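K.L.:
Dropping the structure in here first, questions after.
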Amino acid sequence: MVYEYQRRLSEEWYANQLFWCSNFIIEVITFLVLVKDYTKDPTMMTLSIINMIGNLILIILMVKTERRTLENRRPEVSDNLNVLLMSND
């Protein structure tokens, strides 16, 4: 991952993406198994739903994020700064 970050590329599937997808699946399964216990405790129900919604938002953002390749690298702060400085001249 460090190598990919230094080259301004996207992380591979086995890094963050697989983790968040599998984490969401495990959260949903846990919720379904413990739903009877969660109905007795509204705090646990609320926290579980908030956790699943947050995880789902991360997955949606991950899917919508543009994949970086050697031709389409992640922009650097200095790249944006140079564009801004050049446009002010």
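The values are calculated or read from the model by the stated rules, or taken from the named source; none is laboratory data. In this text the structure is predicted, and so the values were computed from the model without any measurement. FYI the Cβ positions are ideal-geometry reconstructions off the backbone, even for glycines, and counts take in every protein chain you see.
K.L.:
Across the stretch 18-34, what is the number of residues that are part of a helix (DSSP H, G or I) and either among the small types (Gly, Ala, Ser) or touching a helix residue (DSSP H, G or I) at 6+ places or on another chain (Cβ under 9 Å) (or both)?
P.N.:
Residues in the stretch 18-34 being part of a helix (DSSP H, G or I) and either among the small types (Gly, Ala, Ser) or touching a helix residue (DSSP H, G or I) at 6+ places or on another chain (Cβ under 9 Å) (or both): 9 in total.
K.L.:
What number goes with the only condition from (1) among the hydrophobic types (A, V, I, L, M, F, W, C); (2) modelled with pLDDT of 85 or more; (3) loosely packed, with under 12 Cβ neighbours inside 10 Å that Val77 does not pass?
P.N.:
(2)
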